[in-house]
Amino acid sequence: MSSNSPTHGARPLQVAILVFDDVEALDLGGPYEVFTTASRMHQRLHPGAPAPFEVRCVARSLDPVRARAGLRVLPDADFATAATPDVLIVPGGVVDAAAACPATRAWVAQAAASAKITASVCTGAFILAAAGVLTEGPATTHWEDITDLRAQFPALDVRENVRWVDRGALVTSAGISAGIDMSLHLVTRLVSAALSERTARQMDTPWNKNP
């Protein structure tokens, strides 16, 4: 286990996943499943140990969020009450309204400023860029949105044909499956590769470790 991982008696790392109307359900559900399954597997392997992660969905308000295609999500916290995250995950979907929302941009910027790691899935990169979190350097998004990200944020070095770009405190990933692989990669960074392997096995998903 890495020095950054929770030890016995330590609090779990707080994982906040932004949710908003028209969020892509699997962009949200993939990371949620990875981090919650990782906690469950860690406690199965180490009975009595604290969970390494505590995952919460955070929205502008506590009203139900209608994900893309109609799935309804009940947020765990709103921007005013959410705990300061150690890990911030910004999923994609139809992000225009979320990226244009001043309250959403302000909370994302505030949360990212204190998080150990801020990560996006798919078009979540547009929200990070709109919030001033992703301002320059390498990044990626869903293949279908590469041209738009370049056009809207020309200071970014938008990479094609990669699954994720890890810049340490800032990570961006491509589509849905890449978001799952990136989340497993983050579990490795924060806890251990062994836990990522066990998590992927439990989820019965092949883990592509290559960005």
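The figures follow:
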read-out: Long-range neighbours under 6 Å by Cβ, at least six apart or interchain, first residue closer than 14 Å to ALA111 by Cβ within the stretch 72-84, second surrounded by 18 or more Cβ atoms within 10 Å (Cβ to Cβ) and among the aromatic types (Phe, Trp, Tyr); value: PHE79/TRP107
read-out: Residue satisfying condition, being β-branched (Val, Ile, Thr) and within 23 Å of THR36 (Cβ to Cβ), within set VAL90, VAL133; value: VAL90
read-out: Residue tally, condition farther than 13 Å from GLY124 by Cβ and open to solvent by less than 10 Å² (accessible area, probe 1.4 Å), over the stretch 159-189; value: 4
read-out: Filter result (open to solvent by 40 Å² or more (accessible area, probe 1.4 Å) and either modelled with pLDDT under 95 or not small (Gly, Ala, Ser) (or both)) within the stretch 115-154; value: LYS116, THR135, GLU136, HIS142, TRP143, GLU144, THR147, ASP148, ARG150, GLN152, PHE153, PRO154
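The values are calculated or read from the model by the stated rules, or taken from the named source; none is laboratory data. Keep in mind that this is a model prediction, so the values were computed, not measured. All Cβ positions, even for glycine, are placed from backbone atoms using ideal geometry, and neighbour counts span all protein chains on display. Side chains are part of the model used for accessible areas, which takes the heavy atoms of the whole protein and leaves out ligands, DNA and RNA. Shrake-Rupley method; radii C 1.70, N 1.55, O 1.52, S 1.80 Å.
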